[in-house]
1. Can you find, among Leu86, Leu6, Ile269, the residue farthest towards the positive end of the dipole of the chain? Put +1 on the C-beta of Lys and Arg, -1 on that of Asp and Glu.
2. Residue by residue through segment 152-165, what is 3J(HN,Hα) from phi via Karplus (6.51 cos²θ - 1.76 cosθ + 1.60, θ = phi - 60°)? Round to whole Hz and write x for glycine and proline.
3. Quick one: which of 227-238, 292-303, 269-280 comes out on top by average Cβ neighbours within 10 Å, and what's the full order, highest first?
4. I want to check the label-to-label distance for Asp17 and Arg318. Put each point 7 Å from Cα in the C-beta direction and report it in nm to one decimal.
5. Just the number, please: percent antiparallel of the DSSP beta bridges in segment 59-266, rounded to the nearest 5.
6. Using amide H atoms built 1.01 Å from N in the peptide plane, name the residues 5+ places from Tyr364, or on other chains, whose amide H lies under 5 Å from its own.
7. Could you give the nm distance between label points at Glu234 and Gln141, where each point is 7 Å from its Cα heading toward the beta carbon?
8. Ordered by residue, what ³J(HN,Hα) values in Hz, to whole numbers, does segment 10-21 give under the Karplus form 6.51 cos²θ - 1.76 cosθ + 1.60, where θ = phi - 60° and Gly and Pro are x?
Amino acid sequence: MSVSNLPLKHLFEIPEDTIYLDGNSLGCLPKGVVGRATDTIGREWGGQLIRAWNSAGWMSLPQRVGDRIARLIGAAEGSVITGDTLSIKVYQAVASALKMRPGRKVVLSDSGNFPTDLYMVRGLLQTIDAGYELRTPEPEQVADTIDETVAAVLLTHVDYRTGRMHDMAEITRRAQAAGAVMIWDLAHSAGALPLDLAGCGTEFAVGCTYKYLNGGPGAPAFIYVRPDIVADIEPALAGWMGHDAPFAMELHYRPAMSTERLRVGTPAIVQLSMLDEALNVWDGVELADVRKASIELSELFIAEIERRCPQLTLASPRDAAKRGSQVSFAFDNGYEAMQALIDRGVIGDFRAPNIMRFGFTPLYLDAQDVLAAAGILEEVISKELWRDPKYSARSRVT
Ligand SMILES: Cc1ncc(COP(=O)(O)O)c(C=O)c1O
Ligand SMILES: Nc1c(O)cccc1C(=O)C[C@H](N)C(=O)O
């Protein structure tokens, strides 16, 4: 693919004979990360011990890494903080949003949302036990369902199954016009396409860093809070690291005056330093270039698969402007076909009930990869290689 400075394959460890189309679930390993983890463990922890919180800058790492992510999601410096898992950050955002709209009793999401987002909301509402309701209309109906009973709208921008993308600016506008607080889950957007959080005015956004940001399995999540409201929000999960002066050890919680108030407990320093290192691959990269290459690669893939594999049905929006950076095809034996494909070095994934999912990560993928993957998928489908009984045990976790 001939987009300016992409791809940057040489910056990644990619196993030989592997075409990786699953960077939308777990990104590839950037080359510097192993060395950085070793340094954090050996030199910083091993050599500096407790002093490293100051001498190695561990205490400020959640904010510094947040600032690097902010550039990639169109947010101002200081408005993004890292830590915990995305599930926790969803909980915090929704809990804070409900406090901002006392008297309103509805959280609005959609029926396509990733399960953990819905589970976290239900768990929160059960804990509060004050007559709240979670509504989950079809994704296409969400905008028209926002009314003045809605306290918070929680949506995943890019659908994990189909790649269908909500109109962030328009839904944010509709939510705020009805007086609701907007929360975007950017799990499948951050690092995948240009975002303009500051411009769209959303109150909150949350996301993970192990997909397109390549932070590694279990890498810390992030949360964005619009700068003008941060001093007023009441953080659920008020841990000591979100206190204005953690080492004053005060008995009463006094939140930090910045996004730091969304911190909870001790940050996972090794993972955070791995993420910090992984973000180096983005230096000098423009999301507009990534998006252009992502659309070219995914259009190429769709054209090739529709020509070579008529048994598969496109399950993603055909219009690239309405898709994130993944392409899904429906196929009744998709599970088995995906196992057969993975066995031949093309790694995508399967999502129930029948979705074969392929992620496009232009930092380490090019047109040759896409053509080769399409050829192998054609072989799996046309020769019905997926019928081999070894592909039928549905025991994989992803
Ligand atoms: C939209 C969305 N939200 C949340 C999660 C997961 O959250 P966590 O990182 O807490 O496992 C995922 C993927 O795992 C996701 O796709
Ligand atoms: N977070 C994951 C994990 O811990 C194990 C396996 C997969 C994941 C994922 O990220 C799944 C992903 N969010 C999805 O869209 O399906």
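1. Farthest towards the positive end: Ile269.
2. So the J values, rounded to whole Hz, are 9, 10, 10, 10, 8, 4, 10, 5, 5, 7, 9, x, 4, 10.
3. On the way: 227-238: 16.2, 292-303: 19.8, 269-280: 21.8.
Ranked by mean Cβ neighbours within 10 Å, highest first: 269-280, 292-303, 227-238.
4. Using points 7 Å along Cα→Cβ, the separation is 3.9 nm.
5. Values: 9 of 23 bridges.
The antiparallel fraction comes to roughly 40 percent.
6. Sorted by chain and number, the residues that satisfy this are Leu8.
7. For the pair Glu234/Gln141, the computed spacing is 3.3 nm.
8. 5, 8, 10, 8, 10, x, 4, 6, 10, 10, 9, 10
Quick note: the coordinates plus some simple rules give every number you see, no bench work behind them. Just so you know, these numbers come straight off a predicted model, no measurement behind them. Every residue, glycine as well, gets a Cβ built from its backbone with ideal geometry; the counts of neighbours run over all protein chains shown.
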